[in-house]
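This report concerns only the one structure given below.
The values are calculated or read from the model by the stated rules, or taken from the named source; none is laboratory data. Computed from a predicted structure; not experimentally measured. Every residue, glycine among them, receives a Cβ derived from its backbone with ideal geometry; neighbour counts consider all protein chains shown. What goes into the accessible areas is simple: the full protein's heavy atoms, side chains included, and nothing from ligands, DNA or RNA. Shrake-Rupley method; radii C 1.70, N 1.55, O 1.52, S 1.80 Å.
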Amino acid sequence: MNFQIALLLGQDGITNGAIYALLALSILLVFTVTRILLIPLGEFVTFGALTMAAIQMGKAPALEWLLLALTLIECGLDAYHFRSNLGSKRIQTMVLKVAYAVVMVVLIQMLPLAELPMAFQALLTLALMVPLGPLMYRLFFQPLADAPALVLLIVSIAVHVAMVGVGLLLFGPEGARTEPFSDTAFRLGPVMMKSQTLWVILVSILLIVTLFLTFERTLYGKALRATAVNRTGARLLGISPVFAGKATFGLAAFIGSLSGILIAPITTLYFDSGFIISLKGFVGAIIGGLISYPLAAVGAVAVGLIEAFSMFWASTYKEIIVFTLIIPFLIWRSMTSHHVEDEE
Amino acid sequence: MSTANTSTVTNTGPGKPLLEVKDLRVAYGKVEAVTGIDLTLREGQLVTVIGPNGAGKTTLLSAIMGLLPSKGEIHFDGEDYVSPEIETLVGRGLGLVPEKRELFNTMTVADNLLLGAFQRYRRGDDSYEQTLSEVYSLFPRLWERRQQQAGTLSGGERQMLAIGRAMMGKPRLLMLDEPSLGLAPLITREIFRIFADLRRQGVSILLVEQNARAALKVADYAYVLEGGQIAMQGPAAELANDSRVIEAYLGLASKHQELLSS
């Protein structure tokens with residue numbers, strides 16, 4: 001290995017690591033606030049990437065119909081749940097939700113998707129993807145909010161499996177790659193840096209800083225942190241677990257699909273690529289002990305780097321090396337931290 | 001609905017009923033912890049619920065707050081609730097300071113207080129900053145510690161923070177569960193002094209206390225809870241002179257205090 005190769009691998013590793021860091025943070029966020037280990041996070045990544053690819057090819061991605069269907073189911077369930085006191089405010093919210101989904105369907109059908117500027121295509125993708133997060137929480141997890149963490153994990157796995165199937169149905173078995181955000185490249189010493197690499201790193205850093213500020217400075221961010229620290233305390237102040245669950249799932253959907261849009265120009269993604277990607281974010285989250293955000297981010301970048309270098313030295317064992325990383329950290333964690341009882 | 005209370009005394013007095021509980025029942029599995037309680041609290045009143053450990057006092061408060069599923073009727077501020085949702089009740093002006101305080105230990109004192117105003121912030125009510133300065137002037141200790149993590153506070157400061165946090169929601173009725181538990185007598189006195197301030201601000205109080213002597217001294221009306229039922233009720237001053245109450249609750253407390261002082 002010479003310096004040039006090391007730089008190339010490092011560039012790859014940090015790019016992937018930045019994405020893993022974003023995913024690790026989402027996993028941590030969702031887990032601390034709702035006790036759900038968000039396995040379907042990877043599907044947000046692939047759905048985001050594949051939707052962006054479909055839009056760039058000028059095809060309607062069919063995701064808008066999923067959005068409409070889930071919205072209708074949600075409104076139906078809400079109407080049934082609140083049948084005795086269906087206030088005008090609730091009806092208004094429902095109408096708005098359905099209207100949003102219908103507008104998305106119309107937009108996707110009417111707009112000349114392939115000719116749109118890329119920023120608009122990305123916005124459209126996010127507009128389709130982000131509502132799926134709260135919808136997923138409402139339909140699959142909210143009815144089980146008080147269930148033990150193990151039940152939530154099982155449901156999470158089930159949702160993941162179902163979404164992989166839905167992905168195959170919506171996007172087909174072919175992989176997809178999108179155009180890079182810009183074509184320029186930069187010279188860094190002996191290697192060329194693709195501009196997409198810089199995009200990934202810049203957007204990731206920007207997102208992490210924004211998240212940090214949101215959670216430190218805004219009352220909504222603080223409310224989510226409070227729910228993670230003490231669920232009963234938060235409820236007593238009127239911070240509802242439903243609000244917290246939907247908000248964190250919305251954030252996770254946003255971060256996941258944005259990650260998908262970011263990496264789609266770098267790697268070919270398939271309907272079932274999400275699991276391995278989010279699993280690597282999970283390794284980062286484990287390194288952070290499922291508690292510490294900075295440790296998780298650093299751990300995730302380390303995962304990216306180790307992955308890149310092991311690809312060079314022992315490409316067949318790439319995944320094995322990355323996932324074996326978990327074991328020493330689990331041992332270290334189990335020796336240094338106190339055992340926390342499950343709340344139930 | 002049945003009114004299962006055999007007692008003929010009720011909490012009559014000036015002011016509209018703010019909280020009315022009728023035939024409230026709470027069960028943990030097959031065991032009923034609260035078996036048909038009727039309770040009234042009028043606007044501006046301080047009502048106390050005293051009783052031995054395990055009488056169902058905490059369960060009663062949790063059910064009124066909507067933390068536990070219950071059967072029976074809860075009327076609060078002119079609305080009826082059956083197994084109410086906490087968020088709705090908080091929005092309507094009900095606050096609970098629980099026995100375990102339930103603070104956000106890894107967040108600062110200032111953040112803990114601000115979160116108390118979450119629902120007001122959400123409604124677009126900006127006056128919570130004024131409430132914040134009111135809370136700080138009521139508890140200067142919290143102002144000194146505002147940048148400290150809640151987990152580092154002493155027992156008394158934690159209780160002040162819990163009460164201050166509940167006040168940030170501008171409750172019309174504040175329910176307090178054992179506010180003096182584990183506190184030194186001097187701090188207990190300080191906490192009880194706050195109740196007068198709160199009442200001056202128009203907050204009604206439902207106080208659950210083991211320190212029956214102190215509770216009966218500040219309360220207008222009192223309920224004695226035993227085995228999940230109301231055993232006795234009446235104006236606090238009358239109950240404080242009731243021989244059964246003195247024997248069961250006040251006598252023991254005074255003996256206890258003698259032991260402590262000797």
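Going by a ≥ b ≥ c, the root eigenvalues of the Cα gyration tensor, does chain A fall in the rounded group (a/c under 1.5), the prolate group (a/b larger than b/c) or the oblate group?
oblate
State, to one decimal in nm, how far the label point of A:ALA185 lies from the label point of A:LEU72, with both points 7 Å from Cα in the Cβ direction.
4.9
What average number of partner chain Cβ atoms lie no more than 10 Å from the Cβ of the residues making up B:112-122?
Partner Cβ neighbours, averaged per residue: 5.
Dipole of the range A:221-344, Cα-centred, from +1 at each Lys and Arg C-beta and -1 at each Asp and Glu C-beta, to the nearest 20 debye?
That gives a dipole near 400 debye.
Mind giving me the FRET efficiency for A:ALA145 and A:ALA119? R0 is 41 Å, r the Cβ-Cβ distance, nearest 0.05 is fine.
FRET efficiency, A:ALA145 to A:ALA119: 0.65.
With a 1.4 Å probe and every protein chain kept in, tell me what percent of the accessible surface of chain A is carbon plus sulfur.
Answer for chain A is 72 percent, counting heavy atoms of protein chains only.
Would you mind calculating the gained length between A:ARG90 and A:LEU153 on full extension (0.36 nm times residue separation, minus the Cα-Cα distance), in nm to one decimal?
19.6 nm
Label chain B by shape, choosing from rounded, prolate and oblate, from the square roots a ≥ b ≥ c of the eigenvalues of the Cα gyration tensor; if a/c is under 1.5 it is rounded, and otherwise prolate applies when a/b is larger than b/c, oblate when it is not.
It is oblate, given that a/c is not under 1.5 and a/b is not larger than b/c.
Pulled fully out, how much extra length does the chain show between B:GLU190 and B:SER243, if you take 0.36 nm times their separation in residues and subtract their Cα-Cα distance?
Roughly 16.2 nm would be gained on extension.
For B:90-96, what's the mean count of beta carbons from other chains sitting within 10 Å of each residue's beta carbon?
That average works out to 2.
Can you pull the one-decimal nm distance between simple spin-label points at B:GLN201 and B:GLN130, each 7 Å off the Cα toward Cβ?
Taking the two extended label points, one gets 1.2 nm.
Rounded, prolate or oblate for the range A:193-344? Axes are the square roots of the Cα gyration tensor eigenvalues, ordered a ≥ b ≥ c, and the cut-off for rounded is a/c under 1.5.
oblate
Computed on protein heavy atoms with a 1.4 Å probe, what is the summed buried accessible area for the chain pair A and B, in Å² to the nearest 100?
By this definition, chains A and B bury close to 2100 Å².
By the scheme Lys and Arg +1, Asp and Glu -1, what is the net charge of all other residues having a beta-carbon under 15 Å from that of A:SER257?
Neighbour charge sum, excluding A:SER257 itself: -2.
Going by Cα centres, the range A:171-247 and the range B:57-121 are how many Å apart?
Distance between centres, Cα-based: 32 Å.
Send over a whole-number figure in Å² for the accessible area per residue of the protein assembly as shown, probe 1.4 Å.
46
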